[in-house]
Amino acid sequence: MFRKILPVVTIIAIFLVACGQQAEPTLSPEEVSGTAVAAAWTIVAETQAAIPTNTPVPPTETPSPTPLPTNTPEPLPTIELATPTNTSLPKGSCEGPLNVGEAGPQSNIRLENESGGTVTLSLWLGEGANAFGQCGFLVYYLGKNEKRVVSIPKGNYYAYALIDLGNNKSSNASGFVNNRPADNHLFVVKIKKEAIVVP
């Protein structure tokens with residue numbers, strides 16, 4: 001009798017093991033980083049979309065801005081970052097990386113991290129905020145108390161920083177950075193714990 005029951009018990013045991021609960025898949029650090037950057041960009045875009053806009057008075061006919069020939073120095077190197085892409089975005093969308101090469105003249109700014117933590121900083125140049133019709137994001141990572149000089153195209157930027165304070169604590173800060181066409185001097189952008197200021 002035991003010989004007849006043994007194959008049945010073996011088949012039932014194999015069936016139970018095969019149908020058991022599966023282990024949950026884990027995300028790689030790159031996937032976690034990409035998800036965090038995408039979430040930050042979504043927050044920035046939603047915040048910017050919520051800002052009321054003024055309806056402009058119909059403009060009088062003015063000539064389109066034409067860049068004057070300049071002897072522009074080589075821009076300072078920037079960190080190339082892996083950014084999430086969205087193939088459904090239309091060409092020229094303001095939700096992707098800023099095309100720095102076609103955004104016109106640039107000037108240097110000094111980013112100063114005074115937040116007390118590490119910072120992921122997004123500078124968003126919205127549609128119509130640049131005389132050369134370019135828009136999109138620039139992203140920089142700054143260590144604690146780090147100061148860095150970067151070159152950015154002229155325009156009015158919305159700045160948003162995600163701040164990792166350590167010990168599972170975080171904060172965020174926002175503000176505006178206006179790199180006007182007439183500004184040719186180095187100016188400072190301070191990232192504090194709750195605000196981004198240009199003194």
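Here, each number is a calculation from the coordinates, and none is a lab measurement. Here the structure is a predicted model, which means the values were calculated and not measured. Quick reminder, even Gly has a Cβ in these numbers, built from the backbone with ideal geometry, and neighbours come from all protein chains shown.
Structure data summary
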quantity	calculated
Karplus-derived HN-Hα couplings along region 173-181 (A = 6.51, B = -1.76, C = 1.60, θ = phi - 60°), whole Hz, x at Gly and Pro	9, 8, x, 10, 10, 9, 9, 6, x
Using θ = phi - 60° and Karplus 6.51 cos²θ - 1.76 cosθ + 1.60, couplings along region 101-109 (whole Hz; Gly, Pro as x)	x, 10, 8, x, x, 10, 9, 8, 10
Rounded if a/c under 1.5, otherwise prolate or oblate - region 81-199, Cα gyration tensor axes	oblate
Karplus 3J(HN,Hα) series, Hz, for region 114-120 with 6.51 cos²θ - 1.76 cosθ + 1.60 (x for Gly, Pro)	10, 7, x, x, 8, 10, 10
Lysine pairs within region 81-199, Cα separation less than 15 Å, 8 or more sequence positions apart or different chains	7
Cα→Cβ-extended label distance, 7 Å offset, between ARG180 and ALA195, nm	2.0
